[in-house]
Amino acid sequence: MMRVDAGRVVVSGAGGGIGLGLVREFAHRGFGVVALLRDGAKRADLDEAIVGVEHLVEVQELDVRDTSHFKMPRDVAVLINNAGIRYDYLPVEEIGMDEWRNYFDVNFFGVVALTQLAIPLMRDAGRGIICNINSSSLFFPMPFLGPYRATKGAMAALTETLRAELAPFNIHLKEIFPGPVATSLSGGGILHRTPAAASFPPYAPMAQRQRNNQKAANLTIYSTAEVAPAMVDHILDTDNAMRDGTCAMSRQGLESWRPGRGGEPVIAGVVRSLQDTPS
């Protein structure tokens, strides 16, 4: 379990939703936190959330599409890659290439950029945790989420590779697949409205069926305050599985997607084989 005095926690996408919830939870546990937010207008929400622990939180503005001017704190012990975007639910054929590139610049290349900055510092310190916030939408072939799910699939593959590469340096990888959580992204999603794909006649029946299915499922939507404590527990526990969800639905999806705690038996076996001394 990572100790409070091990170093600071860096959280991207800290202006709201899960990122803000994690900043608040880590700070209340006594960790020093660097909260990165792209939109300075969200500073007021963050300031309100950390009343009483503001002395533990350093706030910086950062668009993860350009990290050239960002200096990762030398005492970074935990990096949480949470920044992400999701636009309208549209068919693949109707999404322009500029939008596809923007998805990857934020949701994937932003993760790569921050991770590259953190690795050498964690390696020098002889410890570290990198946690990537994924999405339970990856578990199902959901229509109209093509670019978003593609970035999350790339993130999952990257997380597995990093786990193997960084194991010799005592740097641990974590990945969380949130289920329904009340965030700015979920507010515009199919839990609340019919996908924008309905405006394209060939896809209208599927879009309406998707909305009807979501209404019938009547999924519980959790607050960030409800899910953040268990998320932080999972991030800090370096002895448990790499992957976790935030509710029964997301955890069951994880079991189905990668049998056995998100593929833990297979992944852990590969990592062990790479660490074993050849006979």
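The values are calculated or read from the model by the stated rules, or taken from the named source; none is laboratory data. On a predicted model such as this, the values are computed, not experimentally measured, just so you know. Please note: Cβ atoms are built from the backbone with ideal geometry, for glycine as well, and neighbour counts cover all protein chains shown.
Some points to look at:
- A single member of Val78, Val53, Val57 is modelled with pLDDT of 95 or more, aliphatic (A, V, I, L, M) and under 27 Å from Ala241 (Cβ atoms), and it is Val78.
- Any hit, region 185-201, residues being within 23 Å of Ala156 (Cα to Cα), of a type outside the set (S, T, N, Q), assigned to a loop (DSSP other than H, G, I, E, B) and free of Cβ contacts under 8 Å to residues at least 12 places away in the same chain: no
- Residue among Val271, Val266, Val232 that alone is under 19 Å from Arg3 (Cα atoms) and not in a loop (DSSP other than H, G, I, E, B): Val232
- Region 193-216, subset of a type in the set (A, V, I, L, M, F, W, C) and either in contact with a helix residue (DSSP H, G or I) (Cβ under 7 Å, 6 or more places away or on another chain) or over 27 Å from Glu93 (Cβ atoms) (or both), residue surrounded by the fewest Cβ atoms within 10 Å (Cβ to Cβ): Ala216
- Among residues of region 134-158 that are among the charged types (D, E, K, R), those with a Cβ under 6 angstrom from a residue that is crowded, with 18+ Cβ neighbours inside 10 Å, sequence gap 6+ or separate chain, pair up as Arg149/Ser137; Arg149/Leu138; Lys152/Asn134; Lys152/Ser135; Lys152/Leu138.
- Test: Arg243 is charged (D, E, K, R) and free of Cβ contacts under 8 Å to residues at least 24 places away in the same chain: no
- Test for Val23: is it of a type outside the set (Phe, Trp, Tyr), outside any loop (DSSP other than H, G, I, E, B) and over 22 Å from Arg86 (Cα atoms): no
- Tally, over region 72-108, of residues that are touching a residue at least 12 places away in the same chain (Cβ under 8 Å), surrounded by fewer than 16 Cβ atoms within 10 Å (Cβ to Cβ) and either among the basic types (Lys, Arg) or farther than 30 Å from Ala198 by Cβ (or both): 2
- Tally, over region 7-57, of residues that are surrounded by fewer than 18 Cβ atoms within 10 Å (Cβ to Cβ), over 17 Å from Pro229 (Cα atoms) and of a type in the set (Gly, Ala, Ser): 4
- Subset of region 109-121 [free of Cβ contacts under 8 Å to residues at least 12 places away in the same chain and hydroxyl-bearing (Ser, Thr, Tyr)]: none
- Meets criteria (in a loop (DSSP other than H, G, I, E, B), within 20 Å of the chain's Cα centre (by Cα) and at pLDDT 95 or above) for Phe31: yes
Condition check ((1) touching a Pro at 6+ places or on another chain (Cβ under 6 Å); (2) farther than 30 Å from Asp88 by Cα; (3) surrounded by 23 or more Cβ atoms within 10 Å (Cβ to Cβ)) across all residues:
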| position | (1), (2), (3) |
| --- | --- |
| Pro120 | no, yes, no |
| Ile133 | no, no, yes |
| Phe144 | yes, no, yes |
| Ala150 | no, no, no |
| Gly153 | no, no, no |
| Ala156 | no, no, no |
| Ile176 | no, no, yes |
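- Filter pass, Gln275 being of a type outside the set (Asp, Glu), under 28 Å from Leu79 (Cα atoms) and modelled with pLDDT under 90: yes
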